[in-house]
Amino acid sequence: MLLPESTLDQQWFRVLAAFVAVNTLVYVTLSIAKSLPRFYFDDWRRRRYLRAETRSIHPDGPR
């Protein structure tokens, strides 16, 4: 669809184009963030709650 040049120079069309551009950036950012693995802050902290002995039925299991 081709628009006349007078339409492209109007203020409302520039506002619409800016809105579409921002909306596209937000959509791309959200889709990239959703495709990445989840980040849990607790995985990066030191764990002070590790047990001295395992309570598993498997003696060589994780603590």
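Laboratory data are not the source of any read-out in this text; all were calculated from the coordinates shown. Note that this is a predicted model, so its numbers are computed, not measured. Heads up, the Cβs are rebuilt from the backbone with ideal geometry, glycines too, and the neighbour counts pull from every protein chain shown.
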Task: Assigned charges on the beta-carbon of Lys, Arg, Asp, Glu; the chain dipole about Cα centre (debye) - done: 700 debye
Task: Spherically averaged projected area of the chain from its Cα convex hull (nm²) - done: 9.0 nm²
Task: R0 of 35 Å, Cβ-Cβ distance Asp60-Leu36: FRET efficiency to nearest 0.05 - done: 0.55
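Sorted by packing (mean other beta-carbon atoms within 10 Å per residue), highest first, where do 11-18, 36-43 land? Could you put the intermediate results ahead of the total?
On the way: 11-18: 10.1, 36-43: 6.9.
Descending mean neighbour count gives 11-18, 36-43.
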TODO: Measure nothing fancy, just the Cα-based angle from helix 11-35's long axis to the longest principal axis of the chain, in degrees from 0 to 90, nearest 10.
DONE: 20 degrees
